[in-house]
Amino acid sequence: MAEPALLTIHTDGASRGNPGPAAFAYVIARNGDDPIEEAGKLGRMTNNQAEYTALVEALKHALELGGDHRVLVNSDSELLVKQMRGEYRVKNEDLRDLYEEARALCRRFQGGVAFHHVRREENRRADQLGNEALDGLRDPTPRASNTPKAAPKPATHKSPHHAAPPSLRDAGVACLRGAAAAWSAGAASPTPEAVWDELLALVKRHGLPSSPGGR
């Protein structure tokens, strides 16, 4: 069976003031087609909220292109990437709803979604689009899935019965998928050594001893 087609996404969120006026941006690259570029204002929110909103908007748009794709998400937000991989827990209640929405969207892609942390200079186009939106130079293209969003309300106390964090197996598979997707897309990083270090860190974070010869 043929491998699902790849969508390569770069996302970025920005907040001037943190919290302050914010914007989202993303670029979706498709084999054989022109890239899709979107950006828009979000109102007042934190930088991390803007990063997650950019991810949610990009995944919604990618679903419109077909849930049979495999998706590689590139972000310069290390926090977002590690939380979506299951390496970090989401402790900030202001991010939890966005995180859970992003996870739910990821589950709808038959080919899976992998996350790759990139340096800011490797995310230059998405960053540029976000700044243009903040300056009032760009608005998102109207679509069914991108109805105008209001800034999130301040967090209120919630019941502790949230979705369980990813298991060690799920987090490890997500890490490996992210590396495989990045390599298949021609990225030089992460290196095999970096992937091994991430897997060891996951094992330790889940309370399991690593092999004495593991490093």
> Only one residue in Ala58, Ala29, Ala25, Ala62 is over 18 Å from Ala102 (Cα atoms) and among the hydrophobic types (A, V, I, L, M, F, W, C), so which one is that?
Replying inline: Ala29
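Yes or no, residue by residue, for (1) without any contact (Cβ under 8 Å) to a residue 40 or more places away in the chain; (2) open to solvent by 40 Å² or more (accessible area, probe 1.4 Å); (3) more than 20 Å from Arg177 (Cβ to Cβ):
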| site | (1), (2), (3) |
| --- | --- |
| Ala23 | no, no, yes |
| Ile28 | yes, no, no |
| Arg44 | no, yes, yes |
| Gln49 | no, no, yes |
| Ala54 | no, no, yes |
| Ala58 | no, no, no |
| Gly67 | no, no, no |
| Asn74 | no, no, no |
>> Being part of a strand (DSSP E or B), of a type outside the set (Lys, Arg) and farther than 30 Å from Thr191 by Cβ is true for just one of Asp34, Asp12, Asp94. Which residue is that?
In response: Asp34
>> List the residue pairs whose Cβ atoms are under 9 Å apart, where the first residue sits in the range 91-105 and is farther than 24 Å from Ala62 by Cα, the second is of a type in the set (S, T, N, Q) and surrounded by fewer than 16 Cβ atoms within 10 Å (Cβ to Cβ), and the two are 6 or more positions apart or on different chains.
In response: Glu93/Thr156
> If Ser15 passes every condition in (1) surrounded by fewer than 21 Cβ atoms within 10 Å (Cβ to Cβ); (2) without any contact (Cβ under 8 Å) to a residue 40 or more places away in the chain but one, which one does it miss?
Replying inline: (1)
> Does Arg120 fit the bill of being free of Cβ contacts under 8 Å to residues at least 60 places away in the same chain and within 24 Å of Ala5 (Cα to Cα)?
Replying inline: no
> Restricting attention to the range 37-73, which residues are under 24 Å from Ala2 (Cα atoms) and not in a helix (DSSP H, G or I)?
Replying inline: Leu65, Gly66, Gly67, Asp68, His69, Arg70, Val71, Leu72, Val73
> Out of all the residues in the range 76-89, which are touching a residue at least 24 places away in the same chain (Cβ under 8 Å), open to solvent by less than 20 Å² (accessible area, probe 1.4 Å) and either within 20 Å of Arg169 (Cα to Cα) or in contact with a Phe, Trp or Tyr (Cβ under 7 Å, 6 or more places away or on another chain) (or both)?
Replying inline: Leu80, Val81, Arg85, Gly86, Glu87
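The values are calculated or read from the model by the stated rules, or taken from the named source; none is laboratory data. These figures come from a predicted structure and were not determined experimentally. Please note: Cβ atoms are built from the backbone with ideal geometry, for glycine as well, and neighbour counts cover all protein chains shown. Please note that ligands, DNA and RNA were not included when accessible areas were found on the heavy atoms of the full protein model with its side chains. Shrake-Rupley method; radii C 1.70, N 1.55, O 1.52, S 1.80 Å.
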